[in-house]
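Read-outs: derived from the displayed coordinates by stated rules, not from any lab. Because the structure is predicted, anything quoted here is derived from the model rather than measured. Every residue, glycine among them, receives a Cβ derived from its backbone with ideal geometry; neighbour counts consider all protein chains shown.
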Amino acid sequence: MTHPLLELAERRTVLLDGAMGTMLMARGLAVGMAPEIWNVERPDLVREVHAAYFAAGADVVSTNSFGGTPLKLAAHGLEGRAYELNHAAARLAREAAPPGRFVAGSVGPTGKFLRPHGPCSEQDLEAAFADQVRGLAAGGVDLVLIETQYDLREALAAVRGARSVASLPIFVTMTFNDTPRGFFTLMGDTPARAAGELERAGAAAFGANCTLAADRMAACVRACRGAIGLPLVAQANAGRPVAGEDGRVTYSQTLEDYVRHVPDIVRAGASFVGGCCGTDPSFIRAMAGIVGKEAP
Amino acid sequence: MTESELYPRMSEAIVAGDRAAAAALARDAVRQGLDLLEVVDKGYVPGIQKVGVLWEQGEYFLPELISSAEAMKAAMAVIDPELTKRNLGSRPGGRVVIGTVEGDIHDIGKNLVASMLQAGGFDVHDLGADVKLERFIDKAEEVGAGMICLSALLTTTMTNQRRLIGMLRDRGLRGKYKVLVGGAPASRKWAEEIGADGYAENAVAAVKLAKSLAAGA
């Protein structure tokens, strides 16, 4: 049986949401705080962000759980609350979702390296991801979005961890750098290699997010395209962060400059498009007008 | 083995990220009573320089960079105590205090820069992540550092790089230290705006920058 979200992607381009952390900071989340703690301390504000993305036209929003593995939460002394915080993250997005829209459980990297470069074994990471996904699944997510991965081995561990506790579709996005020799992850894997291995591991969709600005995302999608038959995901940054004199940070790509690349990203083969750093509901609203016109 | 045989092997061990070989060759050099400063300069440093070139060409990625820095560390763990015994300074680059600024727990990039600086001949004092700004200054004063390196991954914490420079000014210490900034949201323009002494895009560039600043200081 095909998942309703994958069915939708066969009919038309599916719209994801944009940045979460900066939206929470705009609502008062203090620097240095784990955003996930707001799932229980300020649930109204988290729900409000999800609602804003749905109102802008997003078909899918991602839960406020990017740093929700116990390994990442440990930096804030919250490792013992992983289930609770992820469960709450899922529930808030669910509550904000109108009928027929979807909730993706956001799973970011642990920030730890695998041996020999770091302290963790693949089993350590798998267990951490399983802990997180258990909470997300129980809270009612429709799919798991393993995102912003820079190490293919970690992404594979995340897929295994997620599959060990939930039978939801798993989407994986990795972050690629644009080098003179092509697109590579931090660890040196190409989109083609990563896509192929993740497809074999059971991912339902694969793609790229973060780092790349909208103008380079289509090329990266094309690099993924040839390698696999899976639907593709693309969530570009709005350029690079620029700090103003007053200490406020903006992004180098304006809304207009960002969205003019969206048709090309869709034509390159992305079935799921959304934003990443520097984007907000206004970007998603503008993209909604564009992807509605683009055939999948 | 003669020097002319040892040096290329030392360089190769670093390029290959072979810790065991790098350390074994260092022990050979010590046993033979070679000039250890020259061993570092002509044996190991060319290796780490080659690694930098391979990284810039997109041939090497983070795993290779880490392995090479680890191999360099293994060699220096043998050589440093010997140099101390012979009363020779092993760290011509000078002392560096490095850390990720307060409010920011990201340390992958910072760790890599710290390793590469150490591999590049600097005496590195790594304060870790989420470091209170006062601690950077206190540590730099305590160890007599010439350089303070500030990492930030978040757009919300990069402003702490600016704050630290302000604090140095307030304490009348700005001229005493070179301040280098890095991290995903930082840029050359940002460094100029906040009055930092330099910005580097990656760990390899950071070593180059630190060396040129140390040489000019």
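A few notes on this one:
- Taking the longest Cα principal axis of chain B as reference, the axis of helix B:45-56 is set at about 60 degrees.
- Shielding by other protein chains, A:178-190, mean Cβ within 10 Å: 3
- Simple Cβ-charge dipole of chain A, Lys/Arg +1 and Asp/Glu -1, about Cα centre, in debye nearest 20: 400
- Counts of other chain beta carbons within 10 angstrom of each beta carbon in peptide B:153-159 average 6.
- Note on the protein assembly as shown: with charges restricted to the Cβ of Lys and Arg (+1) and Asp and Glu (-1), its dipole about the Cα centre is near 300 debye.
- Karplus 3J(HN,Hα) series, Hz, for region A:48-63 with 6.51 cos²θ - 1.76 cosθ + 1.60 (x for Gly, Pro): 4, 5, 4, 4, 5, 5, 4, 5, 6, x, 5, 7, 9, 10, 9, 5
- When each of the peptides A:277-290, A:113-126, B:110-123 is scored by how many other beta carbons lie within 10 Å of its residues on average, the order from highest to lowest is B:110-123, A:277-290, A:113-126.
- Since only A:139, A:190, A:172 are under comparison, the one whose Cα sits farthest along the positive direction of the charge dipole of region A:110-202, derived from C-beta charges on Lys, Arg, Asp and Glu, is A:190.
- Across the options A:33, A:157, A:276, the greatest Cα extent toward the positive end of the charge dipole of chain A (unit charges at beta carbon of Lys, Arg, Asp, Glu) belongs to A:157.
- Lys, Arg +1 and Asp, Glu -1 on Cβ, resulting dipole of region A:34-100 about Cα centre, debye, nearest 20: 80
- Per-selection Rg to Rh, chain A - Cα, Kirkwood hydrodynamic radius: 0.93
- The sum of -39500 (n - 2.57) across all DSSP H runs of n ≥ 4, divided by the residue count of the protein assembly as shown, sets its helix-only mean residue ellipticity at 222 nm to -15000 deg cm²/dmol.
- Long-range tail of P(r) for region A:121-211 (Cα pairs > 21 Å, %): 28
- The Kirkwood hydrodynamic radius of region B:86-217, based on inverse pair distances between different Cα atoms, is 14.3 Å.
- The Cα center of region B:1-58 and the Cα center of region B:82-160 differ in position by 24 Å.
- In straight-distance terms, cross-link reach from residue A:72 covers every one of the lysines whose alpha-carbon lies under 16 Å from its own, apart from those fewer than eight places away in the same chain; here that gives A:112.
- Along its three principal directions, the equivalent ellipsoid of region B:3-85 from the Cα gyration tensor extends over semi-axes of 22, 12, 10 Å, largest first.
- For residue B:104, residues with placed amide H under 5 Å, excluding near neighbours: B:130, B:131
- Lys/Arg +1, Asp/Glu -1 at C-beta; the protein assembly as shown dipole; positive extreme among B:40, A:52, A:233: A:52
- FRET efficiency for the residue B:57 to residue A:267 pair, using the beta carbon distance and R₀ = 35 Å, is estimated at 0.65.
- Look at the stretch A:117-130: the mean tally of other chain Cβ atoms within 10 Å of its residues' Cβ atoms is 1.
- With all pairs of different C-alpha atoms in the average, the Kirkwood value for the hydrodynamic radius of the protein assembly as shown is 24.0 Å.
- Neighbour-count ranking [beta-carbon atoms within 10 angstrom, fewest first] of B:96, B:53, B:15, A:107: B:53, B:15, B:96, A:107
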